[in-house]
Amino acid sequence: VQLQASGGGLVQAGGSLGLSCAASGNIFRNNVMAWYRQAPGERRELVASMTSGGSTNSADSAKGRFIIFRDNNKNTVYLQMNSLKPEDTAVYYCNVKQDSTNYWGQGTLVTVSS
């Protein structure tokens, strides 16, 4: 399984940014696609996840601001980030979990300036 993320960049506080991650290879019908992030000196943390059936889970910091959605036909997961804050600055990683195995993308940097 390979994951290719795109969409990171520099944005001002209060702005919006969208991330996308396309999965290829042996993708199972049932899986969980997710976004994690890791800020400098911090542990990697879950931002939001979505199952093949559409159930979602998100961190408290993301609720009301970030939206995760996916296109199962394209094996692609998206993260729409609104009302961005400087503390959202981090490397964002997409993740696919299937059959108890985690697959990670290469990470994309999101920088929110104050």
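The values are calculated or read from the model by the stated rules, or taken from the named source; none is laboratory data. These numbers come from a predicted model, not from an experiment. So basically every Cβ, Gly included, is an ideal-geometry build from the backbone, and we count neighbours across all protein chains shown.
No other residue among 64, 41, 53, 25 is out of contact with any Asp or Glu (no Cβ under 7 Å at 6 or more places or on another chain), under 18 Å from residue 1 (Cβ atoms) and surrounded by fewer than 15 Cβ atoms within 10 Å (Cβ to Cβ) apart from 25. Considering 79, 84, the condition of being under 18 Å from residue 11 (Cα atoms), buried (at least 19 other Cβ atoms within 10 Å of the Cβ) and within 11 Å of the chain's Cα centre (by Cα) is satisfied by 79 alone.
Quick one: is residue 10 at pLDDT 95 or above, closer than 20 Å to residue 106 by Cβ and exposed (fewer than 14 other Cβ atoms within 10 Å of the Cβ)? Judged against the criteria, residue 10 is a match.
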